[in-house]
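The values are calculated or read from the model by the stated rules, or taken from the named source; none is laboratory data. Keep in mind that this is a model prediction, so the values were computed, not measured. A quick note on method: Cβ atoms are made from the backbone with ideal geometry, for glycine too, and the neighbour counts reach across all protein chains shown. Remember, those area values only see protein heavy atoms, side chains included, never the ligands or the DNA or RNA. Shrake-Rupley method; radii C 1.70, N 1.55, O 1.52, S 1.80 Å.
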Amino acid sequence: MCSVCVEQILTRFQALLMPHLPLASFRPPLWGLRPSRGLPRSHPLSTQSEPHGSHITRRNREAKQKRLREKQAALEAGIARKSKVRGSHSIVLYEIPTEPGEKKDVSQPLPPAYSPRYVEAAWYPWWVREGFFKPEYQTQLPHATGETFSMCIPPPNVTGSLHIGHALTVAIQDALVRWHRMRGDQVLWVPGSDHAGIATQAVVEKQLWKERRVRRHELSREEFLREVWKWKDEKGGEICEQLRALGASLDWDRECFTMDPGSSAAVTEAFVRLHKAGLLYRNRQLVNWSCALRSAISDIEVESRPLPGRTELRLPGCPTPVSFGLLVSVAFPVDGEPAQTFPSHTCLSLIPFPFLQHLHRRQLRHPLTGQLLPLITDSAVQPHVGTGAVKVTPAHSPADAELGARHGLSPLSVIAEDGTMTSLCGDWLQGLHRFVARGKIMSALRERGLFRGLQDHPMVLPICSRSGDVVEYLLKSQWFVRCREMGDRAAQAVESGALELSPSFHQKNWQHWFSHIGDWCVSRQLWWGHRIPAYLVVEEHAEDCWVVGRTEAEAREVAAELTGRPGAELTLARDPDVLDTWFSSALFPFSTLGWPQETQDLARFYPLSLLETGSDLLLFWVGRMVMLGMQLTGQLPFSKVLLHSMVRDRQGRKMSKSLGNVLDPRDIIMNCPSQVLQEKLEDGNLDPAELAIAAAAQRKDFPHGIPECGTDALRFTLCSHGALGGDLHLSVSEILSSRHFCNKIWNALRFILNALGEKFVPHPLLPVDAWILSCLARTARECERGFLTRELSLVTHALHHFWLHNLCDVYLEAVKPVLLRSPRLPGPPQVLFSCADVGLRLLAPLMPFLAEELWQRLPPRPGAPPAPSISVAPYPSARSLVSHAGWREEGKAWRAEPRVRRCRVGREAGSDVLTLTDSLSSPVLLQSSEPGEQGLFEAFLEPLGTLGYCGAVGLLPPGAAAPSGWAQAPLSDTIQVYMELQVTRRDWRGRSRRECGEEGKWWVL
């Protein structure tokens, strides 16, 4: 057989024989087509006596591209408004009385148009009540594999609602979970939420001030915690409702909260074990400090904001804007030489140049406090910045702390926990806000003639993401976890392949982070969170003595042994601080399964099969889970990590409440008018200035609100983006396109259900039947490959291609004439049923609501008990489909597939070269120079005529002369096509395709 296969011939054939007629019901909009790079250009149909000019084709193509750009611009500008108008006619509600948990009534005919609200109604409560999401149910499936698949959801903060970034996580995880469940694996997907210490406390504090004008410190700790629990009970359920709306197939009976008794016990146990192992200690060190929150914060809560130079910022508690990005030069005598300093400086450091060595260890007198300060030389000083003499503040800078340690300098803390100046600064500065004090110092230096100037100084400013305040580095006595040893094991796990990171380029960041990891400060000066199980032994005239215990009684026993005194005589005071939220989150993979108890879930489902999360959590969450999991359980908490990209808006901006681009997934699912979007912003906790900015940005992005797209369309769009590459830029118009794809599937099933009879009898398949079934097998193979490699974009592409191009655009069009014959052949209905059944099961992990709604309406397969839900029906495999008894011509169909696939594309693209009349009756001949091809094409002559909208299609023997007066065009090196022409010569040059089409009998090639 030559290199040209049948399906290629079909495509080129149809491209040439395309009348400009009204498109079939399944045809996508003409302006939405994109040419494929892999498709060769069609040869124009021509005769020897009528050459054509290429400038006509080029001019028409340019006009078409212009129209395409205009329509796309109109789509982006008015998609919400147009969709709202269209949606008002297509919204259908499910109004049959159904109790929550009862199965949806599918006895009624399908509504004429796809409506997400109708499709998604009632299914989720039934899934949950039937226990389809529980691993215990899956052991009863007839196709159970005996294998387990376990995963936990990254616990979202209980502070509010989920956004699109969370929806991406849910879409990917649920697709994987549903696929494994349909395969027959015993699946456990654990739901949960995080108490989010700093974020939750900040939200409740804002609410108390907004509603009651009460500050936290005006309440007792117990009173404030009651307010937090009250808020959690009122608002915490919103996340669960969002997860249900997204179709997340979680085992809700195993739902957990990181402040639940079980989680609290796990946190206490972990703290005690780490302390006994010498991996947890208390020390006075520099920490990230938020003066607005009056607490230490983690690195992930520090936003590094680059400043190009002088920049004014408004900060909490400061009455006026503060300037940053400036280098201040100050002079005062050091044996007649200038230097620069401020109150917290313990020395000045010079560049170690030879001409400065004589100043090393000389002293100068502080111009504001009179304190003597030494001059030292150190290679850390940058010679190209400033004067070459810089201040050293070991108590307020990590870099200066290292320099001070090298030279034996004593740190002086001049900033208090609330951001005011301490008594070490003198009475004239004590109690002032630190940035107000800065201005007062500058004025004093000017008065004394020591100020020498300002210059722009690009810098990176650390900002607290929770409060917006500038982060200070303060010396604090805190609890720290030693990370070096555990970090080395985590790095080795990836290097050895025991832990797989996907995409693999994240391995570089992993290894770099663990090779430079420092000790982890886990103390937080909050009231909401896991209180540290450590106790101070209160003794007069004694250094701090701390003991750790699971209970106070256990801690008292440890203290008695440590001090040699009876425990009853000792006074213990529990540490008022709480643990970093990331500490409890790091235990999530095993604390949710019952650790430290030896539970059945822990034995069966730990380690987890997979950890899927956003790439931004790789180090702060994934890394800490690996460290603590290996240390506390002796095993990796999971062997595979799948990391997805960050979701940004279509302008490339990070999702942020202050930008107004954070969307509740339900707003996209169910439609949200612009007024409601604005009201949601106003109901939040944004400051007035932030609210104004966010509202303006939101009005610009969504002037007409958000159209109804549905859960399935949202999930499918999110999964269609690959995990590799950069960030995901998401637009509502893209999701709306997936909604149109749902409508395409809906209409295809309406057609199939109408074509199916009550009984099916096996019948020999037509060649085009074998072709579509081979496409179905290939689609199943691609889906299986995508799920195994966890590249869901492969799955979405394969399904989109099968449903839209193979089934709707080709096969359904080809079998319409066959279905109209009497008596009707039983083969095509059987194939339609197989395509619907298998195609919907392939689609179910990604579009669970639409798949369930349509699959429930299909007749059950004979000879096997039907699955109660598509969510627990067997997932099709390519192997099982290829072995189907009716696919004997599968090999031939595979060879024909590429051309059939391009058939509709060529037909819709067209070629503006010639016009014909009576196109529907014009006969067509195919001729091959290789005799072996003739037999392959013979079986496809009827679908060729149907798809090409021409008359009878026949074969011209190899070597036979071309018919006189027929148009000729090459389809390949070995194939020619001929058409009998009834040409009406008219002035067609320069006429557009639209003008030709309006005449009704003009055929544009």
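Shape summary: the stretch 116-221 maps onto an equivalent ellipsoid whose semi-axes, from the alpha-carbon gyration tensor, are 39, 16, 13 Å in decreasing order. The local environment of ARG314, defined by Cβ-Cβ distances under 14 Å, has a net charge of -3 under the rule Lys, Arg +1 and Asp, Glu -1. Each of PHE833, PHE505 has its accessible area taken with a 1.4 Å probe; listed largest first, they run PHE505, PHE833. Hydrodynamic analysis of the stretch 664-705 uses the Kirkwood radius over alpha carbon pairs. Inserted into Stokes-Einstein at 25 °C and 0.890 mPa s, it gives a translational diffusion coefficient of 233 µm²/s. Shape class for the stretch 570-668: oblate, because the ratio a/c of the largest to smallest gyration tensor axis (alpha-carbon atoms, square roots of eigenvalues) is 1.5 or more and b/c is at least a/b. Normalised Debye scattering of the stretch 537-593 at q = 0.18, 0.25, 0.28 Å⁻¹ gives log10 I(q)/I(0) of -0.70, -0.98, -1.13, counting only Cα atoms as equal scatterers and leaving out solvent. In the context of the full protein assembly, LEU955 retains an accessible surface of approximately 50 Å², using a probe radius of 1.4 Å and ignoring ligands and nucleic acids. Summing charges over neighbours of VAL872, with a neighbour being any other residue whose Cβ is under 14 Å away from its Cβ, gives +2 when K and R count +1 and D and E count -1. Beyond 22 Å in Cα-Cα separation lie the following of the pairs LYS476/LYS508; LYS276/LYS640; LYS654/LYS744; LYS210/LYS232; LYS391/LYS440: LYS476/LYS508; LYS276/LYS640; LYS654/LYS744.
Counting Lys and Arg as +1 and Asp and Glu as -1 over every other residue whose Cβ lies under 13 Å from the Cβ of ALA836, the net charge comes to +2.
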